[in-house]
Amino acid sequence: MISMAFLFDLFSVLGTVAFALSAVLAARGRQVDLFTILVLATVTAVGGGTIRDTLLDVPIFWAEDTSYLWIAGVSAMLGFFFYTLLDRRYLNMLYQAVDSVAIALFGVLGTTKAWELGFGLPLGPVILGVITATGGGVVRDVLLQRPSMLLGKELYIVPVALGCTLHAGFLALAPQHAELGALLAIALVLVLRYGTLRRHWSVPQWGQLKLK
Amino acid sequence: MISMAFLFDLFSVLGTVAFALSAVLAARGRQVDLFTILVLATVTAVGGGTIRDTLLDVPIFWAEDTSYLWIAGVSAMLGFFFYTLLDRRYLNMLYQAVDSVAIALFGVLGTTKAWELGFGLPLGPVILGVITATGGGVVRDVLLQRPSMLLGKELYIVPVALGCTLHAGFLALAPQHAELGALLAIALVLVLRYGTLRRHWSVPQWGQLKLK
Amino acid sequence: MISMAFLFDLFSVLGTVAFALSAVLAARGRQVDLFTILVLATVTAVGGGTIRDTLLDVPIFWAEDTSYLWIAGVSAMLGFFFYTLLDRRYLNMLYQAVDSVAIALFGVLGTTKAWELGFGLPLGPVILGVITATGGGVVRDVLLQRPSMLLGKELYIVPVALGCTLHAGFLALAPQHAELGALLAIALVLVLRYGTLRRHWSVPQWGQLKLK
């Protein structure tokens, strides 16, 4: 039987790798060196979780287990050196796929951790899930002076927020099926991101008032 | 008799509503959807208090009482949907009035909370008051890639800093009149902001060296 | 015998003065008033240490000892009023020298503090050293909407990171020579920064792939 603890660890590692690689891809078109990439990858990979742990007032996860730092650093270095091997045409698609997987995994992780600590139930865990998923990327975009994905036209927050809400619903109403809830939430985020990127799903008309 | 605790709660709610509405107005002229507005309104409304509570190392106020999140969210939603009813000519004036009320209320709240915890007296509470009042708006402006009001030519920090200093003075020298100090401090911030916005009060000449 | 505690205090004060002055110089060419300068100098001088103390979950150093705030404020004020006396030709050089001294001192301080608390050894103290040294400047640059030095072509993170690594090496392998390690680390940062600024040392070719 796959335990929740194992899934938690696996998702953390996969999400860390995905976010570190997304930082390499986010810097494309810029003259940045390896060391800047290492900083940006670390910020992207552990930034959201760092904000989460600070708000929860628990020890920062990467100080408890420094392997996350090594995973982010090695992933960024490999991404940097093998970057030139990639086919340019698919880079943006790859970036979005990798980033979507990372936000799905980190959203579920953040919601779980905040729920277990009883942080502002039931809305707090959803917010911390969204922060865990998007916080590192937002800080990275601010450092790169790049428009944050929060402000883009495509759906970015909405899929994560809905996924975290679904997972929080399972934790509240059917905690014995928490693993199932986590997997369904990840699937929901990925489907919504896929629909956004490939099928141009967007916010319905009533939510799109242009503020003049 | 109106108690300090009642004023504290009332100011928190009013300031939250005002900041959430200010976020809707800050996004005017941008193509942002309802969900982005919800994020920006939440950041503006609870961001400064979140930084304050993190520095004070006390539980984050909106996790202790999630009603602040609901108030911010509902205010932002109402502001979003009734936005089109507003007369465009007065929007900037309205934005500044609402924002001024919010920074006055949150400045006094932050100063009070830090003072009661003995955080770096006497300068610490003034700084945390200013952070509580302006931190959420600064983070919002950074996310919107909008020049922060900290850097504008009009007086923005100075009124809040003077109001928080006045309130800290009452807490230090006449704690039995703390309620009076809070009200006078709020009045001082509002008068100085009004003078800035309507009478073009500004920093005196000796404080305006152009750094070439 | 010069004690570590004395060096720690001396470095803190010198670094605070240097960072406050660097904020005045960072704002050159902008129309900013004295009060904005005070905010920027305070952010630059205590910002990195504030992030460090938040991550370490220890009381914020400037609340424990408010003299850092006064030192930063008085330094910024003197820098502001005597600015016009400075020879314009050397301003950029002066800014870089002052800033280099500050990042060297704060890097060593941050590494020491995190090491003594056993925060994520051995990588954690290096990262917190870099954050202590560069965090305040990064936040200042974000507030000024100025490209962060993290992203510039000159070496900025690398000298600090190498200095913090050297100091962490001494703390791990020869803690009885920690004072020597601190001084060597500071010297290393200054030499590397000097080489960058005067001799145009830069990241080696293999670390400079242009990401297209």
Which one is nearest to C:Leu143 (Cα to Cα), of the residues in segment B:110-125 that are in a helix (DSSP H, G or I) and open to solvent by 20 Å² or more (accessible area, probe 1.4 Å)?
B:Leu123
I need the full set of residues from segment A:43-65 which are facing chain C (nearest Cβ under 8 Å) and either surrounded by 24 or more Cβ atoms within 10 Å (Cβ to Cβ) or within 18 Å of the chain's Cα centre (by Cα) (or both), in order please.
A:Thr50, A:Thr54, A:Ile60, A:Trp62, A:Ala63
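For residues that are polar (S, T, N, Q) and within 11 Å of chain C (Cβ to nearest Cβ), scanning just segment B:139-169, find the one that is most open to solvent (accessible area, probe 1.4 Å). Spell out the reasoning first.
Going through segment B:139-169, the residues polar (S, T, N, Q) turn out to be B:145, B:148, B:165.
Next, from what is left, pick out any that are within 11 Å of chain C (Cβ to nearest Cβ): B:145, B:148.
Numbers: B:Gln145: 84, B:Ser148: 9 Å².
Result: B:Gln145.
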First in segment B:108-125 and on the phi < 0 side of the Ramachandran plot, second anywhere and in a loop (DSSP other than H, G, I, E, B) and open to solvent by less than 10 Å² (accessible area, probe 1.4 Å), Cβ under 8 Å, 6 or more apart
B:Ala114/B:Gly120
Only one of these is farther than 30 Å from A:Phe170 by Cβ, small (Gly, Ala, Ser) and out of contact with any strand residue (DSSP E or B) (no Cβ under 6 Å at 6 or more places or on another chain): A:Ala41, A:Ala72, A:Ala5, A:Ala18. Name it.
A:Ala41
Could you check segment C:6-32 and list, in sequence order, the residues that are of a type in the set (S, T, N, Q) and within 14 Å of chain B (Cβ to nearest Cβ)?
C:Ser22, C:Gln31
Can you tell me how many residues within segment C:141-162 are under 18 Å from C:Ala104 (Cα atoms) and assigned to a helix (DSSP H, G or I)?
8
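If I ask for residues that are more than 14 Å from every other protein chain (Cβ to nearest Cβ), in contact (Cβ under 8 Å) with a residue 40 or more places away in the chain and of a type in the set (A, V, I, L, M, F, W, C), which ones from segment B:171-182 would you list?
B:Leu171, B:Ala178, B:Ala182
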Qualifying positions in segment B:66-79 - at the interface with another protein chain (Cβ under 8 Å from one of its Cβ atoms) and not hydrophobic (A, V, I, L, M, F, W, C):
B:Thr66
Test for A:Gly135: is it at pLDDT 95 or above and closer than 18 Å to A:Gln96 by Cα
yes
Checking B:Trp201 against (1) more than 23 Å from C:Gly47 (Cα to Cα); (2) at the interface with chain C (Cβ under 10 Å from one of its Cβ atoms); (3) among the aromatic types (Phe, Trp, Tyr), only one condition comes out false. Which one?
(2)
Can you tell me how many residues within segment B:170-197 are among the charged types (D, E, K, R) and open to solvent by 80 Å² or more (accessible area, probe 1.4 Å)?
0
Some residue of segment B:186-199 being in a helix (DSSP H, G or I), within 16 Å of B:Pro125 (Cα to Cα), modelled with pLDDT of 95 or more and out of contact with any strand residue (DSSP E or B) (no Cβ under 9 Å at 6 or more places or on another chain)
yes
Regarding segment C:80-91, can at least one residue be identified that is within 7 Å of another protein chain (Cβ to nearest Cβ), surrounded by 15 or more Cβ atoms within 10 Å (Cβ to Cβ) and without any contact (Cβ under 8 Å) to a residue 12 or more places away in the chain?
no
Among (1) over 22 Å from C:Leu144 (Cα atoms); (2) crowded, with 24+ Cβ neighbours inside 10 Å, B:Gly136 falls short only on (1)
May I ask you to list the residues in segment C:28-37 that are in contact (Cβ under 8 Å) with a residue 60 or more places away in the chain and either crowded, with 21+ Cβ neighbours inside 10 Å or closer than 17 Å to B:Ser202 by Cα (or both)?
C:Arg30
For segment A:1-27: of the residues being small (Gly, Ala, Ser) and closer than 17 Å to A:Thr44 by Cα, which is surrounded by the most Cβ atoms within 10 Å (Cβ to Cβ)?
A:Ala20
Using the structure shown, decide if B:Leu105 is in a helix (DSSP H, G or I), more than 10 Å from chain A (Cβ to nearest Cβ) and hydrophobic (A, V, I, L, M, F, W, C).
yes
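The values are calculated or read from the model by the stated rules, or taken from the named source; none is laboratory data. Nothing here was measured: the structure is a model prediction, and the numbers come from that model. Neighbour counts are summed over all protein chains in view; Cβ atoms, including those assigned to glycine, are modelled from backbone coordinates with ideal geometry. Ligands, DNA and RNA are stripped out before the accessible areas are found, and what is left, the full protein with its side chains, is counted by its heavy atoms. Shrake-Rupley method; radii C 1.70, N 1.55, O 1.52, S 1.80 Å.
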